[in-house]
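Everything below concerns the one structure shown next.
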Amino acid sequence: MWTKNLLLVACLFVSSSYGQSKVPVNIYYESLCPDSAKFINEQLYPVAKQFRSNLDLKFIPYGKSTYRTQGSEVQFDCHHGPNECYGNKVHACALYHIQGNSYQPNNTKEALVLEYVNCLMERAQFKDGVFPGKACADAFEIHNYETIETCANSTEGSSLLRNYGDETEKLLKGGLKNVPTIAFKQTFDSDNQNLAIQNFRAALCKNLNPSPVECRNIPGSAPVPMVSSIGLVGLVMTVIVTRLF
């Protein structure tokens, strides 16, 4: 009996030592903002792909926009003009309506949202006069783009975007100072912000505790557990053999 208990304790210890840490990260951005596109395409996207199990990622497509109500209607003023207001609504509607594919485990809602947002930001400078919502949906087999488009052109899209505006206001009273803004654990911190813009991987690793092995050799990251599961199991087996013989 004692050997079983010892093995159980060893397994629990290994599991806790190598358990995946996860941190919530909110990305406040604008659909036509060049700085937002640069950050999402060059920093966020590759890191999010590598650290998928360590990120609880939330996109908030509003930025420095403002809104006012006129009766039942909501009027938006966006940082980069009316086209951006439409783009922000497409993002908001996509975040709400995109569905994962139960027949393809890799195509979870979170994975499809990341691919779609990255694609929109990469293509959405309206160079050809057409917002790339459908093109990006087709590229990643998001089959309900008509629902997303209908949402963006209706009061539903306005309502979703307004909610993102209220959420943005809660982060920083008076609005954002910088776009994009990155908040770890729903809290704005200027040091985290500056680091994330320059090196999102380093900022993420700084906020993960314990840090996964991918964070090794990054200054300021939390320590990676040094216990070797193989070594620990070997030690346990040695103890068992010694007790038996």
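The values are calculated or read from the model by the stated rules, or taken from the named source; none is laboratory data. The model shown is predicted, which means the values in this text are computed figures rather than measured ones. Cβ sites come from the backbone with ideal geometry, for glycine too, and all protein chains shown count toward neighbours. Calculation scope for accessible area: heavy atoms of the full protein, side chains included, ligands and nucleic acids excluded. Shrake-Rupley method; radii C 1.70, N 1.55, O 1.52, S 1.80 Å.
So here's what we get for this one:
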| quantity | calculated |
| --- | --- |
| Among the candidates Lys134, Lys109, residue that is of a type in the set (D, E, K, R) and in contact with an Asp or Glu (Cβ under 9 Å, 6 or more places away or on another chain) | Lys134 |
| Filter result for Ser154 (of a type in the set (S, T, N, Q), open to solvent by 10 Å² or more (accessible area, probe 1.4 Å) and closer than 21 Å to Cys33 by Cα) | no |
| Leu176 in a loop (DSSP other than H, G, I, E, B), of a type in the set (A, V, I, L, M, F, W, C), open to solvent by less than 60 Å² (accessible area, probe 1.4 Å) and under 28 Å from Ile197 (Cα atoms) | yes |
| Qualifying positions in segment 1-31 - modelled with pLDDT under 95 and of a type in the set (A, V, I, L, M) | Met1, Leu6, Leu7, Leu8, Val9, Ala10, Leu12, Val14 |
| Filter pass, Arg243 being at pLDDT 85 or above, surrounded by fewer than 21 Cβ atoms within 10 Å (Cβ to Cβ) and not hydroxyl-bearing (Ser, Thr, Tyr) | no |
| Failed item in (1) modelled with pLDDT under 95; (2) loosely packed, with under 11 Cβ neighbours inside 10 Å; (3) assigned to a helix (DSSP H, G or I), with Val233 passing the rest | (2) |
| Sole exception among (1) at pLDDT below 90; (2) open to solvent by less than 50 Å² (accessible area, probe 1.4 Å) for Gln193, by number | (1) |
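So that you can scan it fast, the table gives a plain yes or no per residue for (1) in contact with an Asp or Glu (Cβ under 9 Å, 6 or more places away or on another chain); (2) of a type in the set (Val, Ile, Thr); (3) at pLDDT 95 or above; (4) surrounded by 22 or more Cβ atoms within 10 Å (Cβ to Cβ):
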site: Ala94; (1), (2), (3), (4): no, no, yes, yes
site: His97; (1), (2), (3), (4): no, no, yes, no
site: Ser102; (1), (2), (3), (4): no, no, no, no
site: Pro105; (1), (2), (3), (4): no, no, no, no
site: Glu115; (1), (2), (3), (4): no, no, yes, no
site: Lys127; (1), (2), (3), (4): no, no, no, no
